[in-house]
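The values are calculated or read from the model by the stated rules, or taken from the named source; none is laboratory data. If you're wondering where the values come from, they're calculated on a predicted model, not measured in any experiment. All Cβ positions, glycine included, derive from the backbone under ideal geometry; neighbour counts span all protein chains shown. Just so you know, the surface numbers come from the protein's heavy atoms only, side chains and all, with ligands and any DNA or RNA stripped out. Shrake-Rupley method; radii C 1.70, N 1.55, O 1.52, S 1.80 Å.
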Amino acid sequence: MKEPASALRSTLLGRGLLLEYITLGWNVIGTAVVVMAAFAVNSVALAGFGLDSLIEIFASVIVIWQLKSVGREPGHNRERWALRLIVLPSLRLLFMCWHSPRAPCLLKHTLARQGRVLLGWQQL
């Protein structure tokens with residue numbers, strides 16, 4: 001029989017995985033719609049939004065990878081790798097926006113949407 005704290009932890013972990021799977025599915029569907037729309041209207045802005053959505057999908061996959069390992073392996077090193085894997089593509093997007101001709105507008109949007117980059121980098 002499981003201890004109450006262990007049972008609660010398992011329940012919460014299951015809920016977290018379910019929510020992350022829902023998030024991943026939502027992002028995949030949204031990305032498909034955005035990419036099809038970008039090709040249909042030849043929109044570079046929509047294609048850029050699709051790239052941002054791909055980064056969100058990548059982050060969801062990393063979170064699922066991290067959550068599935070909870071309790072199996074020592075987590076500190078794995079958590080650091082998960083943070084790095086999530087932050088680095090976001091920094092790449094920030095770099096691309098910085099060098100865009102419309103840098104102020106894109107940078108404002110990227111910082112608002114990818115604010116976790118700056119917070120996550122401090123934890124590395």
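The condition of being loosely packed, with under 15 Cβ neighbours inside 10 Å and under 14 Å from the mean Cα position of the chain (by Cα) holds for Arg84. For the range 1-34, a residue qualifies if it is open to solvent by less than 80 Å² (accessible area, probe 1.4 Å) and in contact (Cβ under 8 Å) with a residue 24 or more places away in the chain, and the qualifying residues are Leu13, Gly16, Leu17, Glu20, Thr23, Leu24, Asn27, Val28, Thr31.
To keep it simple, each residue is scored yes or no on (1) at pLDDT 70 or above; (2) acidic (Asp, Glu); (3) in a helix (DSSP H, G or I).
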residue: Ile57; (1), (2), (3): yes, no, yes
residue: Val61; (1), (2), (3): yes, no, yes
residue: Val70; (1), (2), (3): yes, no, no
residue: Ala82; (1), (2), (3): yes, no, yes
residue: Cys97; (1), (2), (3): no, no, yes
residue: Cys105; (1), (2), (3): no, no, yes
residue: Leu118; (1), (2), (3): no, no, yes
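Entry remark, the range 35-55: residues being at pLDDT below 90 and surrounded by 14 or more Cβ atoms within 10 Å (Cβ to Cβ) number 13 in total.
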